[in-house]
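Engineer: One structure coming up, written as structure tokens, with questions to follow.
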Amino acid sequence: MNQTGETMIAIARSVVAAFTLGLLAVANAHAQGTKPHGVVIQVDQNDPAVMNLALNNAQNVIEYYRDKHEDVAVEIVAYGPGLNMLRADTSPVKDRISHIASTEATFPAKIVFSACNNTKQAMEKREGHPITIIPQAGIVPSGVVRIMQLEEQGWSYVRP
């Protein structure tokens, strides 16, 4: 092969390599920009400091990804003694949850509060009366199972 042919092959290889690297960079940027982030935060203690720390964690995560213009979902799962966080009659943070839920609803971030039905039923049986969960929270069959499901979907896990 002559020198011109070798030069053409070298140029072609360089172009192919550059094109491939460009495609990989675009694919990587696209994947990073569109991959939603998710974090599940566990609350299993009847401690206002832990509840406030969970809410602080949630707000910090939301603000971080909002500033980066990336999607994020946060779910706070309360079970065991931590269910008091989401009880209408005992929550020391219900006003803060109401404020967070109304504020975050106006932004692309998603925050969900999940109350464990197993715990709710046990508390109702023990206390002898129905328990009302705050309106910002939904009920899941099992708090621990909900955390497992989210982790199996690739969500990060935090326990304050």
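Readers should treat all values here as calculations from the given coordinates under stated rules, not as data from a laboratory. Source: prediction; values computed, not measured. Here the Cβ is made from the backbone with ideal geometry for all residues, glycine too, and neighbour counts use every protein chain on show.
Engineer: When the convex hull of the Cα atoms of the stretch 36-158 is projected onto a plane and the area is averaged over all directions, what value comes out in nm²?
Structural biologist: Details: hull surface 27.4 nm².
With the hull built on Cα positions only, its mean projection is 6.9 nm².
Engineer: Under the 0.36 nm per residue contour assumption, what length would be gained going from the current alpha-carbon distance of Asp95 and Arg66 to full extension? Could you put the intermediate results ahead of the total?
Structural biologist: Working: separation 29, 0.36 × 29 = 10.44 nm, distance 2.32 nm.
Result: 8.1 nm gained on full extension.
Engineer: Work out the P(r) tail for the stretch 33-98: percent of alpha carbon pairs separated by more than 15 Å, whole number. Could the numbers behind the result be given before it?
Structural biologist: Numbers: 1113 of 2145 pairs.
Summing the P(r) of the stretch 33-98 above 15 Å gives 52 percent of all pairs.
Engineer: Can you list the aspartates and glutamates whose alpha carbon is less than 20 Å from that of Lys120, not counting same-chain residues fewer than 8 positions off?
Structural biologist: Here the aspartates and glutamates satisfying the reach criterion relative to Lys120 are Asp44, Asp47, Glu75, Asp89.
Engineer: A further question follows. Within the stretch 58-144, report the trypsin sites (Lys or Arg not before Pro) that DSSP leaves as loop and that have at most 12 other Cβ atoms within 10 Å. Write down the numbers at each step before the final one.
Structural biologist: Values: sites: Arg66, Lys68, Arg87, Lys94, Arg96, Lys110, Lys120, Lys125, Arg126; in loops: Lys68.
Filter output for the stretch 58-144: Lys68.
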